Number of protein chains: 2
Amino acid sequence: MSLDDAADSQRVLSIQSHVVFGYVGGKAAVFPLQCLGYDVDVVNTVNFSNHSGYGRSGGTKTTATELNSIFEGMETNELLMPTRLLTGYIPGAEALTAVAQLAQKLKATKEGLIYLLDPVMGDAGQLYVAADVIPVYKDLLPLATVITPNWFEVEYALLLTDTKLKDFPSLHTALRILHEKYHVPHVVISSIPLKPWLLAALPEHIKPDANSVDSNEHLLYRLRPSIVHAQCVPLIPGYFSGVGDLFSALLLARFHPTKPIVNGSSNPGTDIPNTIHQNTTTTDGILTPLTTPSTPSSSSFFSSTPLSIAASLALHKTHSILLLTHSSAQSLPYEERQPTDDELDALEPLRKTRRMRGRELALVRGQGIIRGDVKGQGRQLVFWDGFWDL
Amino acid sequence: MSLDDAADSQRVLSIQSHVVFGYVGGKAAVFPLQCLGYDVDVVNTVNFSNHSGYGRSGGTKTTATELNSIFEGMETNELLMPTRLLTGYIPGAEALTAVAQLAQKLKATKEGLIYLLDPVMGDAGQLYVAADVIPVYKDLLPLATVITPNWFEVEYALLLTDTKLKDFPSLHTALRILHEKYHVPHVVISSIPLKPWLLAALPEHIKPDANSVDSNEHLLYRLRPSIVHAQCVPLIPGYFSGVGDLFSALLLARFHPTKPIVNGSSNPGTDIPNTIHQNTTTTDGILTPLTTPSTPSSSSFFSSTPLSIAASLALHKTHSILLLTHSSAQSLPYEERQPTDDELDALEPLRKTRRMRGRELALVRGQGIIRGDVKGQGRQLVFWDGFWDL
């Protein structure tokens, strides 16, 4: 068996949704974490038959009282012993408050706890949660080691600060608020559309091919106070659920902030440019010179940090699972893969349902990807020098 | 990646308990099934912090209303599409009735559905469920393809027939009731103590070494109307939870009733004794001559059936996981592995809790075992000729 990077008997406490059928929330996160060697304690914030994208579902939300009963049971039995905490979809303010109290307790008592907070609130303009969770998330942010909002969540989470993301100054402001006001050391924006102002400013070695921009590429950002990495990813047509949940789990699994980075292909004698060295303000990594495989000319070196390595692995595996899912969906009978059409979907709800079913992540079939049997072909996140000067 | 026997995009609907911490019920079954290539739909009949062996726990049972809401959500969205059904711990009669109604519906509409019913009711003389589930289990039995009761559950499930298992005639009667009255084609008794009447009657090639009998060996039976297989397994000291749940999942994963058996090491020219041939009354397998590795003298051939193959694999993997768990527990600090002592445990509840925690199955660390990376060293279940003459 190949655990591509042993978890050293680490333990994740995962608090997110559960669906019987398909792969979102815990169903998208727990199996990958287990495959990568983590014992996972699994708290279900809802127990639904399927994800909300189907339009209809059965089951119930877990109340704050039920969550507290579970947390108390664990505490009584000395079972609150995670080294990592992962929180995702928590639908209401009361339940989120229960989780926040637990996170506070864990953070105060577990030295070195790594907390990945995925502020699951919505996507593509649609809000999944009650609006009253937003102030609770503001209380939670300072506890997080890493957050993985999508574009919508960045804007939404920051609404109270009146920061609309429309250009570089507003993006800088939003990030500074996250880093400085909320003290979040690591911010990963998991997926954002390539708006013209963003595309225009992209360094050459990150920019996608001119002829693939039309296909509405997505940009993947990784941001820290002074080190920014990014990468472009071809957009796969159609909407897939659970992608963010999978990405966050894979990122958490491979994020080793204090572990020295060993890069077998680097030349130990190579000088690391001082400018990159001087750019780092955190102590969570050792800079490693790497050659950008696709664009050796524009930037021969870029900094690789523990976060950029983890996010590169997570990006590569998530994207590979998506490609596998997409190709499986393509081979389904036509009624299982009809394109989105709100009018036709409204007339015939099963039309939408069958499409959703055909797009459930191919997580079990793709477990070799998750385990890292396919290595070394990943999309590396690339250092974006000069981001803060834009 | 090595899926030792591909699941051919099969899908298991698993209905059993969920615990946040540790490995019983779904937590012991789902990950192994996923590792072996199955998509698993996961219904949680309880959401507890930990298993009941800890003495204290938090969380709630899922009501029949909640279960029905989930099942209806799945039906509405055409998501009731398992090829295999696995049911385990269902704590009350109302919830079990909801599951029974679903099982009935699936059995009536899904041709070829394989239903493994683990009638989880108790162990070692202790009942886990409300007594009113027993009549509901009687209704469920005729739907099952395989059942995997332990010794206590066989006696308890049969209480209503006044069949106490105290000798071969009563064992024969109990099995006949299961096979003939309840129409269960495959019965696997997952673990029973080696009572003197049983030990005395064991064929030489199944009997354990004389000097290991003292260590209170367990006997593992596999029984069908006319073909019986059995094997002795060294008892590992201490009580481990979730073992039956793991065994049932692994058995279901590898049970292929209609798949031809290919045995690479067999000699195609070898005659199969007619007596064994004539003993088979079912059509679900092809008899394959195998040499009993440990005792070539007493029985050169025994029948291998799809069930005996699946149970041999499940037995080997379960036993290997137990050995790994046991050796891990041995390396813990003393306070994590103090022996069972009811008086001391009552004085200091954490004494018991810590022991339980140290004995949680090493499922994640042992995932290589589950995937079958270690092959060919399994404990084969051995044909028991003459069982019905005893």
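The values are calculated or read from the model by the stated rules, or taken from the named source; none is laboratory data. All values derive from a computational prediction rather than experimental measurement. Counting neighbours? That spans all protein chains shown, and the Cβs are built from the backbone with ideal geometry, glycine included. Side chains are part of the model used for accessible areas, which takes the heavy atoms of the whole protein and leaves out ligands, DNA and RNA. Shrake-Rupley method; radii C 1.70, N 1.55, O 1.52, S 1.80 Å.
Overview of results
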{"read-out": "Residue in the stretch A:355-362 that is open to solvent by 50 Å² or more (accessible area, probe 1.4 Å), over 29 Å from B:GLY368 (Cα atoms), at pLDDT 90 or above and within 13 Å of chain B (Cβ to nearest Cβ) present", "value": "no"}
{"read-out": "Boolean, A:LEU322 is surrounded by 18 or more Cβ atoms within 10 Å (Cβ to Cβ), in contact with a Lys or Arg (Cβ under 7 Å, 6 or more places away or on another chain) and more than 14 Å from chain B (Cβ to nearest Cβ)", "value": "no"}
{"read-out": "Verdict on B:GLY73 being of a type in the set (Gly, Ala, Ser) and out of contact with any helix residue (DSSP H, G or I) (no Cβ under 8 Å at 6 or more places or on another chain)", "value": "yes"}
{"read-out": "Residues satisfying the stated conditions in the stretch B:178-196, i.e. within 15 Å of B:GLU153 (Cβ to Cβ) and surrounded by fewer than 16 Cβ atoms within 10 Å (Cβ to Cβ)", "value": "B:PRO193"}
{"read-out": "Of residues in the stretch B:43-53 being among the hydrophobic types (A, V, I, L, M, F, W, C) and within 8 Å of another protein chain (Cβ to nearest Cβ), the one surrounded by the fewest Cβ atoms within 10 Å (Cβ to Cβ)", "value": "B:PHE48"}
{"read-out": "Those residues of the stretch A:61-105 which are over 20 Å from the mean Cα position of the chain (by Cα), more than 14 Å from every other protein chain (Cβ to nearest Cβ) and assigned to a helix (DSSP H, G or I), in sequence order", "value": "A:ALA93, A:GLU94, A:THR97, A:GLN101, A:GLN104, A:LYS105"}
{"read-out": "Residue under evaluation A:ILE114, criteria (1) hydrophobic (A, V, I, L, M, F, W, C); (2) within 13 Å of chain B (Cβ to nearest Cβ); (3) closer than 21 Å to A:ASN150 by Cα, criterion not met", "value": "(2)"}
{"read-out": "Failed item, numbered, when A:ALA124 is tested on (1) open to solvent by 60 Å² or more (accessible area, probe 1.4 Å); (2) under 16 Å from the mean Cα position of the chain (by Cα); (3) under 17 Å from A:VAL43 (Cβ atoms)", "value": "(3)"}
{"read-out": "The one condition in (1) open to solvent by 20 Å² or more (accessible area, probe 1.4 Å); (2) more than 7 Å from chain B (Cβ to nearest Cβ) that A:ARG56 fails to fulfil", "value": "(2)"}
{"read-out": "Among the candidates A:LEU165, A:LEU140, A:LEU199, A:LEU106, residue that is at pLDDT 85 or above and in contact with a helix residue (DSSP H, G or I) (Cβ under 7 Å, 6 or more places away or on another chain)", "value": "A:LEU140"}
{"read-out": "Count of the stretch B:59-89 residues which are among the polar types (S, T, N, Q), surrounded by fewer than 21 Cβ atoms within 10 Å (Cβ to Cβ) and without any contact (Cβ under 8 Å) to a residue 40 or more places away in the chain", "value": "6"}
{"read-out": "Residue in the stretch B:14-29 that is surrounded by the fewest Cβ atoms within 10 Å (Cβ to Cβ), counting only those that are within 22 Å of A:VAL364 (Cβ to Cβ) and facing another protein chain (nearest Cβ under 8 Å)", "value": "B:HIS18"}
{"read-out": "Residue match in the stretch B:330-343 (condition: open to solvent by 60 Å² or more (accessible area, probe 1.4 Å), assigned to a loop (DSSP other than H, G, I, E, B) and either within 14 Å of chain A (Cβ to nearest Cβ) or hydrophobic (A, V, I, L, M, F, W, C) (or both))", "value": "yes"}
